[in-house]
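S.K.: Please see the structure below; I have some questions.
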Amino acid sequence: MLAGALFGTWEGLALTCLLTTSGSTFCYLLSSAFGKEHVIRLFPDKVALLQRKVEENKRSLFFFLLFLRLFPMTPNWFLNVTSPILNIPLTLFFPTVLIGLIPYNFICVRTGSILSKISSMDDIFSWGTLAQLLAIACVALLPGALIRRYSQVALDGAEQTQDRGQHHKAQ
C-alpha cells in the first residue's frame, strides 16, 4: 500500500512486483542452500502432498505453479521454501511468482493510492472512494472465482472422460 501511496498505481505496481519476486527468489535460494532438511523435517506431509501434485501436473507445471500463486488460499512462503526441494527450476519459479502475484500486488498498491488521496473523513465516505474500494474488493475475489469455475469444468470433463472409458470397457 505504501508503494501506491508514494509512487502511484503503475509505478508502485512495477516496484512491488519487482520486490516481491526478488524476495521470493531469495527465499528460494536460501531454502536451496540451507533449508531443505529443515523444511522436510518440519512439514513432511505437506511437502509429500505438494510433491505428488507437482508430479501430477508435470506437463503443465508453469500453469500449475501460476494457479497456486493466484489461488488466494495457498501460502506463498511455503511455495517459496519448498520449490527447490521439489526440483522446480529457478527459471520456472521466477516468472510464475512475477505473474502470479500481480493481482495481489495491484490490489494493495491501488488501495494505497486511493487511501493517500483521502484528506478527511468525508473523503472516505464519498461515492467515488467507496466505488473504487468496492471494485478492488471484487477484483480480489475474481481469481478465486475463476479458478473455482474452471477447476469444476475440468473436473466435469475428466469425469465424463472416465465414464466413457468405463463404458467402453464394459462393452
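S.K.: Of the numbered conditions (1) out of contact with any Gly (no Cβ under 9 Å at 6 or more places or on another chain); (2) open to solvent by 80 Å² or more (accessible area, probe 1.4 Å); (3) among the aliphatic types (A, V, I, L, M), residue 48 fails exactly one; give the number of that condition.
M.R.: Failing condition for residue 48: (2).
S.K.: Additional query: Does residue 48 qualify as being within 18 Å of the chain's Cα centre (by Cα) and free of Cβ contacts under 8 Å to residues at least 24 places away in the same chain?
M.R.: The answer is no for residue 48.
S.K.: Right, here's the next one. Quick check, is residue 130 among the hydrophobic types (A, V, I, L, M, F, W, C), in contact with a Leu (Cβ under 8 Å, 6 or more places away or on another chain), at pLDDT 65 or above and farther than 22 Å from residue 3 by Cβ? Before the answer, list the steps.
M.R.: Details: among the hydrophobic types (A, V, I, L, M, F, W, C): yes; in contact with a Leu (Cβ under 8 Å, 6 or more places away or on another chain): no; at pLDDT 65 or above: yes; farther than 22 Å from residue 3 by Cβ: yes.
Taking the combined requirement at face value, the residue does not satisfy it.
S.K.: Now for a separate question. Taking residue 73 as meeting all but one of (1) under 25 Å from residue 138 (Cα atoms); (2) in a helix (DSSP H, G or I); (3) open to solvent by 20 Å² or more (accessible area, probe 1.4 Å), write down the number of the exception.
M.R.: That leaves (2) as the condition not met.
S.K.: Sort through 96, 82 and tell me the only one that's under 9 Å from the mean Cα position of the chain (by Cα) and either open to solvent by less than 80 Å² (accessible area, probe 1.4 Å) or in contact (Cβ under 8 Å) with a residue 60 or more places away in the chain (or both).
M.R.: 96
S.K.: Considering only residues that are modelled with pLDDT under 95 and β-branched (Val, Ile, Thr), look in region 17-46 and name the one that is nearest to residue 106 (Cα to Cα).
M.R.: Among them, the one singled out is 39.
S.K.: May I ask you to say which residue of 31, 60, 22 is within 12 Å of residue 80 (Cβ to Cβ), open to solvent by less than 70 Å² (accessible area, probe 1.4 Å), without any contact (Cβ under 8 Å) to a residue 12 or more places away in the chain and part of a helix (DSSP H, G or I)?
M.R.: Result: 22 is the single residue among 31, 60, 22 that is within 12 Å of residue 80 (Cβ to Cβ), open to solvent by less than 70 Å² (accessible area, probe 1.4 Å), without any contact (Cβ under 8 Å) to a residue 12 or more places away in the chain and part of a helix (DSSP H, G or I).
The values are calculated or read from the model by the stated rules, or taken from the named source; none is laboratory data. Everything numeric here is computed off the predicted structure, so don't read it as measured data. With ideal geometry, Cβ positions are generated from the backbone for all residues, glycine too; neighbour counts draw on all protein chains shown. For accessibility, only protein heavy atoms count, side chains too; no ligands or nucleic acids. Shrake-Rupley method; radii C 1.70, N 1.55, O 1.52, S 1.80 Å.
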